[in-house]
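*Asks:* Following this message is one structure expressed as structure tokens.
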Amino acid sequence: MRRCLWLWVLLFGIGIGSAQAATPKTVLVLGDSLSAAHNIPIESGWVHLLDARLGNMVPKWTVVNASISGETSLSGRNRLPALLQKYHPAVLVLELGANDGLQGLSLPALRDNLAAMIGMAQQAQARVLLIGIELPVNYGPQYRDGLRAVYADLAHAGHTALVPFLLDGIALDPALMQDDGLHPVASAEPKVLDTVWKQLQPLLH
């Protein structure tokens, strides 16, 4: 009798462990049009390509893309609490600030919004990958340098992973950019994913 009970507990315990191991963890991407596949097929966007890559991993991961074209750091800050509560992500990829910069909004305000989102995610036990962006040269060196510093300082202070520039190696190549000069073409999206993957992969283990 004891032996049967022991076997039942062992098998039942293994079943629970297997079920828990099989439950995919979530990467939540909160971004703007650069992560929302602007003007290209959704399946060509880097976030969709990331989802396909993570789906082949063991253990499995899943991606929730909460990115919206036109999103600012303030609107992202307002949406994030509900997203964390709904999806309980293990990793948050935070790609916001481009629209703040293009509108010439205050860098201290951007810093405050991003810092608040990093804090929310870490309080929810999510690791954070912060993704920076560069602005066109006509915005002037002072503002552009200040924007770079916002991401670098936040990553250092919050102990987060950092991609300094999402479109590194892409933005200055006209063949890889759409006519607006701001968004990559579909064929450039795998390169965008490679840039993100270098910093994201260590957070998955």
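The values are calculated or read from the model by the stated rules, or taken from the named source; none is laboratory data. Not measured: the values here are computed from a predicted model. Methodologically, a virtual Cβ is constructed for each residue, glycine included, from the backbone with ideal geometry; neighbour enumeration extends over all protein chains shown. Each accessible area value is taken on the protein alone, full model and side chains, heavy atoms only, with ligands, DNA and RNA left out. Shrake-Rupley method; radii C 1.70, N 1.55, O 1.52, S 1.80 Å.
*Asks:* With an 8 Å Cα cut-off and a minimum separation of 6 or more residues, compute the relative contact order for the chain in percent. If you can, show how the numbers build up before the last one.
*Replies:* Working: 305 pairs, mean separation 40.3, N = 205.
Across the chain, relative contact order equals 20 percent.
*Asks:* Give the residues of the range 113-129 whose amide nitrogen is closer than 19 Å to a point set 7 Å from the Cα of residue 79 in the direction of its Cβ.
*Replies:* Counting only backbone N, you get 113-122, 128-129.
*Asks:* Give the long-range amide H neighbours of residue 163: residues separated by 5 or more places, or on another chain, with amide H under 5 Å away, using H modelled in the peptide plane at 1.01 Å from N.
*Replies:* The list, which skips near neighbours in sequence, is 130, 131, 132.
*Asks:* Round to the nearest 0.05 the FRET efficiency obtained for residue 148 and residue 180 when R0 = 35 Å and r is the Cβ-Cβ distance. Can you show the working numbers first?
*Replies:* Details: r = 22 Å, r/R0 = 0.63.
Once rounded, the FRET efficiency stands at 0.95.
*Asks:* Can you give me the distance in nm between label points at residue 106 and residue 159, each placed 7 Å from the Cα along the Cα-to-Cβ direction?
*Replies:* 3.0
*Asks:* About the Cα centre of the chain, what is the dipole size in debye to 20, counting +1 per Lys and Arg Cβ and -1 per Asp and Glu Cβ, all else neutral? Intermediate results must be reported in sequence, preceding the final value.
*Replies:* Numbers: 14 positive and 16 negative charges, 263 e Å.
Magnitude of the dipole: close to 1260 debye.
*Asks:* A follow-up question, please. What is the local net charge at residue 66, summed over the other residues whose Cβ is closer than 14 Å to its Cβ (Lys, Arg +1; Asp, Glu -1)? Intermediate results must be reported in sequence, preceding the final value.
*Replies:* On the way: positive: 77, 79, 86; negative: 32, 51, 71, 95.
Net charge in that neighbourhood comes out at -1.
*Asks:* Enter the accessible area of residue 42 (Å², nearest 10), with the probe set to 1.4 Å and all protein chains included.
*Replies:* 110
*Asks:* Note down the net charge around residue 83, summing +1 for each Lys or Arg and -1 for each Asp or Glu among other residues with Cβ under 13 Å from its Cβ. Walk me through the numbers before you get to the answer.
*Replies:* Working: positive: 77, 79, 86; negative: 71.
Its environment carries a net charge of +2.
*Asks:* Given points 7 Å out from each Cα along the Cα-Cβ axis, report the residue 68 to residue 137 separation in nanometres with one decimal.
*Replies:* Modelled inter-label distance: 3.5 nm.
*Asks:* OK, next. Output the antiparallel fraction of DSSP beta bridges having both residues in the chain, as a percent to the nearest 5. Don't skip to the answer; put the middle values down first.
*Replies:* Values: 1 of 18 bridges.
So the antiparallel bridges amount to about 5 percent of the total.
*Asks:* At a threshold of 8 angstrom on Cα-Cα distance, excluding pairs fewer than six apart, so keeping six or more, what relative contact order does the range 45-140 reach in percent?
*Replies:* Numbers: 82 pairs, mean separation 28.0, N = 96.
It rounds to 29 percent for the range 45-140.
*Asks:* In the range 88-161, what percent of the accessible surface is made up of carbon and sulfur (1.4 Å probe, ligands and nucleic acids excluded)?
*Replies:* On the way: 1810 of 3260 Å².
Within the range 88-161, the accessible surface is 55 percent carbon and sulfur.
*Asks:* Per DSSP H run of at least 4 residues, take -39500 (n - 2.57); add these up for the chain, divide by its residues and hand me the 222 nm value, nearest 500 deg cm²/dmol.
*Replies:* Counting only the DSSP helices, I get -15500 deg cm²/dmol.
*Asks:* Something else about it: What are the residues whose amide H is under 5 Å from the amide H of residue 63, where those residues sit 5 or more places off or on another chain and H is modelled from the backbone?
*Replies:* Residues meeting the criterion, in which the H sits 1.01 Å from N, are 27.
*Asks:* Moving on. Could you please report the charge total around residue 205, scoring K, R as +1 and D, E as -1 over all other residues with beta-carbon less than 13 angstrom from its beta-carbon?
*Replies:* +2
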